[in-house]
1. Being touching a residue at least 60 places away in the same chain (Cβ under 8 Å) and under 22 Å from the mean Cα position of the chain (by Cα) narrows it down to one of L84, L37, L54, L41, so name that one.
2. Looking at R180, is it farther than 25 Å from G61 by Cβ and part of a strand (DSSP E or B)?
3. Tally time: how many residues in the range 286-317 are of a type in the set (S, T, Y), within 24 Å of Q68 (Cβ to Cβ) and in contact with an Asp or Glu (Cβ under 8 Å, 6 or more places away or on another chain)?
4. Do we have any residue at all in the range 158-168 that's farther than 16 Å from G131 by Cα and surrounded by 14 or more Cβ atoms within 10 Å (Cβ to Cβ)?
5. Looking at D159 and the list (1) free of Cβ contacts under 8 Å to residues at least 24 places away in the same chain; (2) farther than 30 Å from R306 by Cα; (3) part of a helix (DSSP H, G or I), which single condition is not satisfied?
6. Which members of the range 149-179 meet the condition of being touching a strand residue (DSSP E or B) at 6+ places or on another chain (Cβ under 7 Å) and over 17 Å from D33 (Cβ atoms)?
7. Among the residues of the range 111-129, write down those that are surrounded by fewer than 22 Cβ atoms within 10 Å (Cβ to Cβ), without any contact (Cβ under 8 Å) to a residue 40 or more places away in the chain and over 17 Å from W145 (Cα atoms).
Amino acid sequence: MDRCIVLVDAGYLLGAAASLLAGEPSRSRITVDHTALIQGLRERAESDTQQPLLRIYWFDGAPDRVPQPEHRRLRVMPRVTVRLGALTRSDGRWAQKGVDAAMHAELTELARNRACSDVVLVTGDGDLLPGMMAAKEHGVAVHLWAVQAADGDYNQSEDLVAEADERRVLDRTWITKAVRAKDYTGACAPQPAPRPEIAAILSAPLPESALGAPAERPAPQPRHPADGPGQNGTEERVAAKGVPTPKDLAALRAPGTQPAQPPASATLRWSSDKGWVDRPTAEPPEAASMPTLAQLTTAEQRWADREEDITTVGGDPYEVGQVFARRWVERLGDQSHLQKLSGMYPRVPHRVDGELLRYAARFGLLAHKDDQIDERDRYAIRAGFWREISVRTGVEHPPLDA
């Protein structure tokens, strides 16, 4: 059959690209435009083989073989088929399991069935040598592509290189059309423009309202000299601040100390986007009645949302927050909820905020972070959410440090 097929070992291709551009093989150090990468592979394969493309097979590892966001985007692209092996962690390092075996099986099956005249292999694994030899015996021309090595040496099995019919090196110029390094010290990508919303959140000082006005703070009671210095000064610190932290209360109840009562007006302090604020025991009624996006979304809209997430949403935390807010506002029937929400700035109601973070987790923001979204990513997600709310309501929220 006069057509070509491309088999890509994603671990090799992206790991070698990361070594070339970022100096280490960690794929977390690079950003990949998968649409541009697939298009580049197709054009190069058709040019080298002089045959039309039948299909690109993308082999990669995933935890429990569950497709990650990049896999979901890839498998809906034309002429792309995704095959997943397992991704396991051992001694602090991630390793693919079953990917080379899947490539070997696909290569031999395609050659045996005469599905193509040319096969392009993007890999460096010597375990594919038997499959390559079997494909050649079935009359298939095998093209082996390598990614330019950072040190100029081979990053492929020498036996694999020797057995290939044709060889090609994907150099830095070709790689940087679709891949760029995340560390912005090189020339691969410019430093992104800072977002003032995120900067304002991170630099917001402790508001006076959280600590209570100076006149409202309980005055420290004079101590009798016979009373001693207190439990390591904890009582004095609590009285001076007026609002104890959970750590202060734990110190007051430490073994060997007498329990001390905090000031009558004191409440626990909780972190928020605006600094340290008092958290009420329950949300106001308008927040508790705020509809979630799931309640506003029909089955048809849910399907369309997933399609949009896979094909167009890039997964940047700020963008994710904007997309979620846009859908929520567009489906909101009672616009009074929008005004109530705007008045709660910068606190997102808990039921909406939890749904927002669960939505963000779809885009891989939990990866390698012990199932927790990074703090700066959470700030960016919420900043994007509020930015979209501001655009929709026409109300510009004051700076968080005001």
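1. Among L84, L37, L54, L41, only L37 is touching a residue at least 60 places away in the same chain (Cβ under 8 Å) and under 22 Å from the mean Cα position of the chain (by Cα).
2. no
3. 1
4. Yes: the range 158-168 contains one or more residues that are farther than 16 Å from G131 by Cα and surrounded by 14 or more Cβ atoms within 10 Å (Cβ to Cβ).
5. (1)
6. N155, Q156, L160, V161, A164, D165, E166, R167, R168, V169 - these are the residues of the range 149-179 that are touching a strand residue (DSSP E or B) at 6+ places or on another chain (Cβ under 7 Å) and over 17 Å from D33 (Cβ atoms).
7. Selection gives R112, N113.
Where a number appears in this text, it was derived from the coordinates with a stated rule and is not lab data. This one's a predicted model, so the numbers in the text were calculated from it and none came from an experiment. Every residue, glycine among them, receives a Cβ derived from its backbone with ideal geometry; neighbour counts consider all protein chains shown.
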